[in-house]
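Enquirer: The structure is given below, and queries will be raised subsequently.
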Amino acid sequence: MMKKLNVTVLTNATREMAPDDPKSIEIIKASEEVEHDITKTLEKCGHHVRVLGIKEDVKNFFNGLLDCKDDIIFNVCESFRNDSMLEMHVAAVLELVGLKYTGCGPTGLLFAQDKGITKKILAYHGIKFPAFAIYPKGKPVEVRPSDLRFPLIVKPLHEDSSIGISGNSLVKNDETLKERVEFVHEKLSQDALVEEYIEGREFYVGVLGFEDAQVLPIIEMDFSNFPKDRPKIASFKAKWDPKYREEKGIKSFFPKDLPGDLISKISEVALTSFKALQLRDYARLDLRVTPDHEVYVLEANPNPYIAEGEDLPEAAAKAGISYSDFLELILDSALKRHRKNIPPPKNGSGV
């Protein structure tokens with residue numbers, strides 16, 4: 001049984017997000033749900049928990065961390081000043097202050113946030129991913145590379161949570177490709193990632209731990225009842241809008257028809273990707289598997305959504321790990337990492 005800890009749950013000060021933006025509203029709800037579930041569950045386990053919401057003032061944020069005397073930070077902060085690209089810098093500040101914290105470090109967050117970097121690292125380790133090209137913001141939309149075949153999906157290069165992805169993201173000709181790339185440049189103000197659409201089944205694979213990381217049971221996104229004229233992609237609405245999911249027949253489930261060799265292959269790809277991208281404690285890999293069992297990594301998600309009842313905690317539950325044990329395993333993984341990083345005392349006194 002884990003000893004009782006003083007835990008700070010580090011989160012976004014979500015009240016400062018734009019309330020008139022539907023995407024912000026969904027992210028606010030998700031952030032508040034995660035904060036609530038982690039706090040209440042850890043308190044029920046006997047831990048002393050406080051919540052620290054990050055606001056825009058860097059000085060106050062830094063000073064608040066300097067004053068922190070708790071045993072560990074449970075880091076669920078995914079942006080700063082409503083900018084997800086600054087997420088890695090929050091982790092870097094935790095490193096500078098010398099605090100123990102859960103989840104991915106700044107290097108892993110950088111790797112996962114830039115989908116182009118993700119793919120290049122995966123290529124080095126022999127992991128398959130969709131062929132892609134990057135269209136930089138501020139430059140004319142160039143001619144599509146001849147080896148990039150339609151249909152294609154156009155995504156923002158740096159966003160997660162499927163922000164910027166909808167049915168219109170799937171393009172089938174150069175005209176609509178140009179229009180969608182320009183949409184990403186103008187509306188999301190960032191580079192566009194264009195990648196080949198992989199026809200196949202979509203799986204979400206959770207990994208829990210660090211050096212002794214374990215792959216959790218595989219979850220499949222079921223598009224079988226999806227309208228035939230709509231692209232089978234995990235859009236923002238498909239991930240975050242319960243009403244839309246119900247209307248379109250989208251659901252997540254644990255597949256029972258996967259042969260053992262395919263389960264092993266998927267698990268190996270997930271674990272190799274987890275280590276290659278320097279993820280830690282907990283993460284989720286989004287994969288597509290073709291009818292001939294080729295496994296492609298679509299995206300890596302460090303510090304993913306872990307409200308009770310969501311995909312990753314449900315995968316843990318399928319493996320016999322309760323939600324409270326799931327959270328404590330994340331804490332334990334982070335504490336073990338920290339202990340290994342402490343140099344031995346120079347005077348031999350143990351002090």
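The values are calculated or read from the model by the stated rules, or taken from the named source; none is laboratory data. Please read these numbers as outputs of a predicted model, since none were measured by experiment. Cβ coordinates were reconstructed from backbone atoms using ideal geometry, including for glycine residues, and neighbour counts include every protein chain displayed.
Enquirer: Going by the structure shown, is LEU99 buried (at least 18 other Cβ atoms within 10 Å of the Cβ), among the hydrophobic types (A, V, I, L, M, F, W, C) and touching a Pro at 6+ places or on another chain (Cβ under 8 Å)?
Expert: no
Enquirer: Before we move on, is ASP160 at pLDDT below 95, assigned by TED's automatic domain parsing to the domain that holds TYR296, under 30 Å from ALA334 (Cβ atoms) and acidic (Asp, Glu)?
Expert: No, not satisfied.
Enquirer: I want to confirm something. Restricting to the range 30-68 and keeping residues that are over 16 Å from TYR305 (Cα atoms) and among the acidic types (Asp, Glu), which single residue is modelled with the lowest pLDDT?
Expert: Among those that are over 16 Å from TYR305 (Cα atoms) and among the acidic types (Asp, Glu), it is GLU56.
Enquirer: Taking only the range 285-332 into account, find how many residues are part of a loop (DSSP other than H, G, I, E, B), more than 22 Å from ASP114 (Cβ to Cβ) and among the hydroxyl-bearing types (Ser, Thr, Tyr).
Expert: Matching residues across the range 285-332 total 2.
Enquirer: Scanning the range 147-196 for residues that are polar (S, T, N, Q) and under 20 Å from GLU78 (Cβ atoms), which turns out surrounded by the most Cβ atoms within 10 Å (Cβ to Cβ)?
Expert: Here the answer is SER162.
Enquirer: Now for a separate question. Looking at (1) within 30 Å of SER267 (Cα to Cα); (2) modelled with pLDDT of 90 or more, which one does MET85 not meet, given that it meets all the others?
Expert: Tallying (1) within 30 Å of SER267 (Cα to Cα); (2) modelled with pLDDT of 90 or more, MET85 fails exactly one: (2).
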